[in-house]
Amino acid sequence: MRGIEFDYYFFRENCAWQLLTLLEVADPSLRLSEKFALWTLPADMIRLLDQQLELIGEVTARPSRGTAIRRRQQTLSANEWWLVRQLRNDPKITVTPAFTELAPERQALLLELALDQRQFQQANLLKKGMNVLPDEIAHQLLTARHQIAVTAAPVAIEPYATRPETGHASRRMGIGSGQRGGREFVELTARASTHDLLEPDAGYTPDAQIEVFSIAVRHYPDHGGLPVDAV
């Protein structure tokens, strides 16, 4: 793919759509890209691929650095978490009894976690356009980790969200009824994408929502018409 260029359109011919066309080059019988006429969402693209027989093999989650940090942090005792917070700013903690009395596998885990947290903070500073100097503390943490010739204690890094293809479809339509100010109404709703807090979390990040092109119209029998209630 090196040197390949293509026009990018946010709603339809985006990265997800281009991946479909790449698969069609490998197997022209798939004809996947034509199934998205107006917009292409990554979750819908993955859901479509999952429906194809023998197209997807073993699925392996690749958690973000933030997720990996939080999952490992959750396995620590109160004392270990205190040590990590100290190590982030003072590698000399590695010579204190509180650290040296730990099993080597736990020492390795704490050093790796402290280093990841520090590098994560540095990366955020770079994203904000701030000038970041060479990190001497990170170098000292790396040196200390190198001196422990064992693998860090294993931690299962489970993603916070379930696989996207297990979630509901992004487009939704609904009908309901209610009262407002003593007046009865019938409500019609439609949404292009993707998820709101009232829907099941499966396939989406918990406690998060994003809606695109959402509209609700209401019909009041005593008044007529279909006025827009929300958009």
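The values are calculated or read from the model by the stated rules, or taken from the named source; none is laboratory data. Everything numeric in this text was worked out from a predicted model, so none of it was measured. Cβ sites come from the backbone with ideal geometry, for glycine too, and all protein chains shown count toward neighbours.
The table that follows gives values for the structure above.
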read-out	value
Verdict on L125 being under 30 Å from A16 (Cα atoms), at pLDDT below 95 and assigned by TED's automatic domain parsing to the domain that holds R71	yes
Check on I93, more than 31 Å from the chain's Cα centre (by Cα) and not small (G, A, S)	yes
Selection status of E80, surrounded by 17 or more Cβ atoms within 10 Å (Cβ to Cβ), modelled with pLDDT of 85 or more and either farther than 30 Å from V212 by Cβ or of a type in the set (S, T, N, Q) (or both)	yes
Test result for A68, among the small types (G, A, S), within 26 Å of the chain's Cα centre (by Cα) and farther than 30 Å from Q140 by Cβ	no
Verdict on R72 being crowded, with 16+ Cβ neighbours inside 10 Å and at pLDDT 90 or above	yes
Residue check, E158 of a type in the set (D, E) and within 30 Å of Q52 (Cβ to Cβ)	yes
Which listed residue is more than 16 Å from R88 (Cα to Cα), modelled with pLDDT of 95 or more and either part of a loop (DSSP other than H, G, I, E, B) or not assigned by TED's automatic domain parsing to the domain that holds Q86 (or both), from I157, I148	I148
Lone qualifier among I137, I215 - being over 16 Å from the mean Cα position of the chain (by Cα), surrounded by 10 or more Cβ atoms within 10 Å (Cβ to Cβ) and assigned by TED's automatic domain parsing to the domain that holds Q74	I137
In the range 1-59, residue farthest from V212 (Cα to Cα) [restricted to those that are among the aromatic types (F, W, Y) and free of Cβ contacts under 8 Å to residues at least 24 places away in the same chain]	F6
Residue count, the range 115-145 (criterion: part of a helix (DSSP H, G or I) and either under 18 Å from G66 (Cβ atoms) or of a type in the set (V, I, T) (or both))	16
